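Worksheet: one structure, shown below.
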Amino acid sequence: MADIIVIGAGVLGTSVAYRLALAGAKVTVVEATRVGGGTSGISFAWTNSSNKAPRAYHDLNVSGMKAHAALKEEFGATPWWHGSGRVEWRAPAGQDDQRAKLRRLREWGYAAEWIDARQLLELEPDIDPAAVGDAPIAWYPDDGWLDPVVYAHAMMTAARRLGARLRTQTKASGLVVEGGTVKGLRTEAGEVLGADVVVNCTGRWSNDTIGGTAPNLPLAPTVGFLVFTPPVPASIQRVVATPLCDFRPDGAGRLMVHWGPADAMVTPEITEQPGMAQAADIVDRLTRILPGIAPLKPEAARVTQRPIPKDGLSAIGPVPHLTGYYVMVTHSGATLAPALGAMAADEIVRGRERPELESFRPARFFA
Ligand SMILES: Cc1cc2nc3c(=O)[nH]c(=O)nc-3n(C[C@H](O)[C@H](O)[C@H](O)COP(=O)(O)OP(=O)(O)OC[C@H]3O[C@@H](n4cnc5c(N)ncnc54)[C@H](O)[C@@H]3O)c2cc1C
């Protein structure tokens, strides 16, 4: 059976490592920091296919949602995944789009319905009805969110039980290539690790990782800004999307909050501090929806970057003219990871081309 190195232990790397190990491959995961130490550790991680187009990308995300739900059968319990749905209301200017989106999603067989204010308050009693006003309220019962680091650790633990090795604090610096075929991986410390296949799951670092030894994937990362509250007296159970901000539980009564326009108010170089004005503004927005949690200061603020291939879609598969190299870079990785991990392992170990991945081949960038 093949010797496979997976670089990167985020949600993608650990998912594929688990599936590869389950298929009998000899797997080594090489991770520069720790499991979940990259983008997966700072992600809103809403599992959904709410705004995904074209249809093939929507379907891929639905596969991810189903794969999260199916893990329950495999693992008995999946404490890392919370399939408790999502509620959404919009400002008047966005309501036509919201209606069109809900209609399209229903046509595509996605669970989406309208609820009234009474039903919203049954789901989330801490929301101030005045913050909703007479806005239409959409309910997506199959959406959820992931604790990505808990998930990645669970996948890595399952892979290790099947014999996979994990090397943390080991930074890859390039592939070892002979005659167009990958023979292994070079680490920053100068070590050479032999392998039949190298799977690059290093997200937004995926080009740095290979140091020019394979074609670079064109990426268009975007900056994300997340704010975290201390534990608050509110029983929020699900993802809540509003004109003021989006939020969800983040453990022990904490909430994770995102407001789209604030992404443009930070840069990756900024030193994030809970006292920064952008964080205070976001918490202020939150307290207008949940007045019972005021007064409140942010507990943490974090800036991170989304690993997005240039056309916005996933890049999953080999790159042309290089045997033994497989790339997995995508946004929406929190949603997609369990499905992509299984599909990629199927392709790598069994040599089966998965038709679901046809539109997402890295080769489209190298035509
Ligand atoms: C603000 C924000 C919000 C998001 N919201 C959502 C959402 O709501 N829903 C959703 O589905 N997705 C969301 N995403 C996207 C999702 O988080 C990512 O797609 C996913 O985490 C990517 O996982 P990954 O395993 O590919 O990458 P990562 O988690 O970044 O893992 C890559 C790993 O590679 C390691 N590494 C880097 N360089 C090297 C090297 N040279 N050698 C060895 N290891 C290396 C890193 O340390 C890291 O651990 C969001 C992302 C952000 C930033």
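The values are calculated or read from the model by the stated rules, or taken from the named source; none is laboratory data. Just so we're clear, the structure is a prediction, and the values are computed from it rather than from any experiment. As a convention, Cβ positions derive from the backbone with ideal geometry for all residues, glycine included, and neighbour counts pool all protein chains shown.
Residues that are aliphatic (A, V, I, L, M) and closer than 25 Å to residue 50 by Cβ: list the strands (runs of 3 or more DSSP E) wholly contained in region 250-367 that include at least 2 such residues. Once the strands (runs of 3 or more DSSP E) in region 250-367 are filtered for at least 2 residues that are aliphatic (A, V, I, L, M) and closer than 25 Å to residue 50 by Cβ, what remains is 255-258, 315-318, 325-329. Going through (1) touching a Pro at 6+ places or on another chain (Cβ under 7 Å); (2) within 11 Å of the ligand (Cβ to nearest atom); (3) acidic (Asp, Glu) one by one, residue 128 falls short only on (2).
Just so you know, in region 221-248 the residues that are within 13 Å of the ligand (Cβ to nearest atom) and small (Gly, Ala, Ser) include one that is farthest from residue 49 (Cα to Cα), and it is 224.
Scanning for something free of Cβ contacts under 8 Å to residues at least 24 places away in the same chain and among the hydroxyl-bearing types (Ser, Thr, Tyr), does region 283-293 turn up at least one residue? Looking for residues that are free of Cβ contacts under 8 Å to residues at least 24 places away in the same chain and among the hydroxyl-bearing types (Ser, Thr, Tyr), one finds at least one in region 283-293, hence yes.
Does residue 229 satisfy the condition of being of a type in the set (S, T, N, Q), under 23 Å from residue 322 (Cβ atoms) and in contact (Cβ under 8 Å) with a residue 24 or more places away in the chain? When the stated conditions are applied, residue 229 does not pass them. Close Cβ contacts (under 9 Å, 6 or more residues apart or on different chains) running from residues in region 299-319 that are modelled with pLDDT under 95 to residues that are of a type outside the set (Asp, Glu) are absent. With the structure loaded, tell me whether residue 49 is touching a Phe, Trp or Tyr at 6+ places or on another chain (Cβ under 7 Å) and either assigned to a loop (DSSP other than H, G, I, E, B) or more than 10 Å from the ligand (Cβ to nearest atom) (or both) or whether it fails that test. Yes, satisfied.
Taking the stated definitions as given, is residue 267 of a type in the set (Ser, Thr, Tyr) and either over 25 Å from the mean Cα position of the chain (by Cα) or buried (at least 18 other Cβ atoms within 10 Å of the Cβ) (or both)? Criteria not met by residue 267.
The helices (runs of 4 or more DSSP H) falling completely within region 57-173 that include 2 or more residues that are closer than 30 Å to residue 359 by Cβ and not assigned by TED's automatic domain parsing to the domain that holds residue 250 map to 148-161. Could you say which residue among 327, 349 is in the same structural domain as residue 42 (by TED's automatic domain parsing), away from the ligand (no atom under 15 Å from the Cβ), buried (at least 17 other Cβ atoms within 10 Å of the Cβ) and touching a residue at least 12 places away in the same chain (Cβ under 8 Å)? Result: 349 is the single residue among 327, 349 that is in the same structural domain as residue 42 (by TED's automatic domain parsing), away from the ligand (no atom under 15 Å from the Cβ), buried (at least 17 other Cβ atoms within 10 Å of the Cβ) and touching a residue at least 12 places away in the same chain (Cβ under 8 Å). Listed conditions (1) surrounded by 24 or more Cβ atoms within 10 Å (Cβ to Cβ); (2) under 19 Å from residue 247 (Cα atoms); (3) away from the ligand (no atom under 13 Å from the Cβ) are all met by residue 83, apart from (1). Does region 40-59 hold any residues that are over 23 Å from residue 238 (Cβ atoms) and touching a residue at least 12 places away in the same chain (Cβ under 8 Å), and which are they? Selection gives 54, 55, 56, 57, 59.
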